[in-house]
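The values are calculated or read from the model by the stated rules, or taken from the named source; none is laboratory data. What you see is a predicted model; the values in this text were computed from it and never measured. Note that each Cβ is placed from the backbone with ideal geometry, even for glycine, and that neighbours are counted across all protein chains shown.
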There are 2 protein chains.
Amino acid sequence: MKQQTKKITRGAQRTLSAFSNAMSQALTQQSFEAVTVNNLCQQANYPRSTFYNYFEDKYDLLNYCFSLIVAEIHLNELAIGDEGQILLTCFDRLYDLIDQHKAYVAKVLVHNQDGFLLAGFTNYAQQVGQKLLVDKIAVVQELPAELVVAHCFATISMVLNWVFVKQNQLTKQDARLYLVRLYGKPGLAETK
Amino acid sequence: MKQQTKKITRGAQRTLSAFSNAMSQALTQQSFEAVTVNNLCQQANYPRSTFYNYFEDKYDLLNYCFSLIVAEIHLNELAIGDEGQILLTCFDRLYDLIDQHKAYVAKVLVHNQDGFLLAGFTNYAQQVGQKLLVDKIAVVQELPAELVVAHCFATISMVLNWVFVKQNQLTKQDARLYLVRLYGKPGLAETK
DNA sequence: TCAATTATTGGACACTCGTACAATTTTAAA
DNA sequence: TTTAAAATTGTACGAGTGTCCAATAATTGA
């Protein structure tokens, strides 16, 4: 997004929403790769100039979309805690979020099976998590907090990918079990 | 690569090498994003048509470059073993490989700091590893082998990123220690 | 309210992309 | 060596990209 600094007027908000909706809609009909800026402008009913007024390119818009979604899971309200708590809490919230929008996600995955979108999304979530958690997290072993958070999100991403993209039928309980086993730290209990 | 099936004649080999060299060279001068097919053709002294004869696009060429590099570490010669052995062996080989080409890597990283290249590379390595290891790996806990291998490579990638991209000064021994701690499985010894 | 500042829009530009196809060169077989 | 088949190359095309700038519209403060 080009205008982090400026205040967002009502008109600007309308424009941002129009484009993010256009992207969301476009992704149910074609792969992200196939989406063009022209597409989005047509869908959103704004000229190209306006698009480039707000966004660098379609990746930038995608990131904005991600930010809207990530905002929904309130990572900033995470309690201070140890690795395990944070791992499981983040996982739960992301899992529930995707699960809630199951129908939409299914439509998107028809044209986007390669995991690029989920990778991008969890990468975004990781960056947000990074900032919020690095100072909070209580690391069990002597490791840089940054590395631990990154690994935490990578592992979550892996399990979410296994469940939602590769579509292995798993209950949430089982998914959690996989997560904890993969993560492997002996200190973490395997049940809630 | 478009011509997996056909035999590679000497002429074709010359062309492939010319383009992969062109890519390698281009990456020391600009970001991958900035590299254009025209660039590569100019550098390699071949017409665009020839480029598209051999490759889908620049990503395809990049993958070919990766395949050349990955071939150097002989993943296919990996002994059958448990998770820990495979984790450490793969890590060692990738670490050594990058370390050997330290000077080149440094040049590339000047214009490619975002980790995209390393991510792509380890992703490629993972895919190769996936195929070779899924049937070999002895999984400690009840988890799909596919998931374990993916997690294994993701963790390796994370530490390599920490050392080589984020440029934290670490001895190989320490890097290995980080790897094992991150990976966290209690069964793995922390020393060689 | 009206002017001044700021934002949005339309159009043009130079560029890249990937494809298609005909002309040419290379390769391999007879 | 000659010829038929296959691969390579030149050229042109439609479509997309991102930038720039001037004209137009919208906000805001005086």
Review point. Within the bounds of segment A:33-47, is there any residue that is away from chain B (no Cβ under 14 Å), more than 16 Å from DNA strand D (Cβ to nearest atom) and either surrounded by 15 or more Cβ atoms within 10 Å (Cβ to Cβ) or charged (D, E, K, R) (or both)?
Key: no
Point to revise | Residue list for segment B:49-78, filter: over 11 Å from the mean Cα position of the chain (by Cα) and away from DNA strand C (no atom under 16 Å from the Cβ) | key: B:HIS74, B:LEU75, B:ASN76, B:GLU77, B:LEU78
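A:ASP57: within 14 Å of chain B (Cβ to nearest Cβ) and within 12 Å of DNA strand D (Cβ to nearest atom), yes or no? Write out each step before concluding.
Numbers: within 14 Å of chain B (Cβ to nearest Cβ): yes; within 12 Å of DNA strand D (Cβ to nearest atom): yes.
Considered against the rule, which asks whether it is within 14 Å of chain B (Cβ to nearest Cβ) and within 12 Å of DNA strand D (Cβ to nearest atom), A:ASP57 comes out as yes.
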Exercise for review: State which residue is farthest from A:LYS2 (Cα to Cα) when the search covers only segment A:19-63 and only residues that are among the β-branched types (Val, Ile, Thr) and part of a helix (DSSP H, G or I).
Suggested key: A:VAL37
Review point. Can we say A:LYS166 is of a type in the set (D, E, K, R) and either more than 12 Å from chain B (Cβ to nearest Cβ) or farther than 23 Å from B:ALA119 by Cβ (or both)?
Key: no
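Given the criteria within 14 Å of chain B (Cβ to nearest Cβ), without any contact (Cβ under 8 Å) to a residue 60 or more places away in the chain and of a type outside the set (Ser, Thr, Tyr), does A:GLY115 qualify?
Details: within 14 Å of chain B (Cβ to nearest Cβ): yes; without any contact (Cβ under 8 Å) to a residue 60 or more places away in the chain: yes; of a type outside the set (Ser, Thr, Tyr): yes.
So A:GLY115 passes the test.
Residue under question is A:TYR178, and the condition is that it be within 25 Å of A:VAL128 (Cα to Cα), at the interface with chain B (Cβ under 9 Å from one of its Cβ atoms) and at pLDDT 95 or above; does it hold?
Working: within 25 Å of A:VAL128 (Cα to Cα): yes; at the interface with chain B (Cβ under 9 Å from one of its Cβ atoms): yes; at pLDDT 95 or above: yes.
Against the criterion (within 25 Å of A:VAL128 (Cα to Cα), at the interface with chain B (Cβ under 9 Å from one of its Cβ atoms) and at pLDDT 95 or above), A:TYR178 qualifies.
Let me confirm something: among A:ASP92, A:ASP96, which residue is more than 28 Å from B:TYR178 (Cα to Cα) and not assigned by TED's automatic domain parsing to the domain that holds A:GLN29? Write out each step before concluding.
Numbers: A:ASP92 fails: more than 28 Å from B:TYR178 (Cα to Cα).
When all the criteria are applied, what remains is A:ASP96.
Results for (1) more than 9 Å from chain A (Cβ to nearest Cβ); (2) surrounded by 18 or more Cβ atoms within 10 Å (Cβ to Cβ), shown as yes or no for each residue.
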{"position": "B:GLN126", "(1), (2)": "yes, yes"}
{"position": "B:ALA138", "(1), (2)": "yes, no"}
{"position": "B:VAL149", "(1), (2)": "yes, yes"}
{"position": "B:LYS172", "(1), (2)": "yes, no"}
{"position": "B:LEU182", "(1), (2)": "no, yes"}
Review point. Condition test on A:GLU77, is it surrounded by 17 or more Cβ atoms within 10 Å (Cβ to Cβ), more than 21 Å from A:TRP162 (Cα to Cα) and away from DNA strand D (no atom under 16 Å from the Cβ)?
Key: no
Check your understanding: Taking the condition within 14 Å of chain B (Cβ to nearest Cβ) and either within 11 Å of DNA strand D (Cβ to nearest atom) or not charged (D, E, K, R) (or both), does A:GLU83 pass?
Key -> no
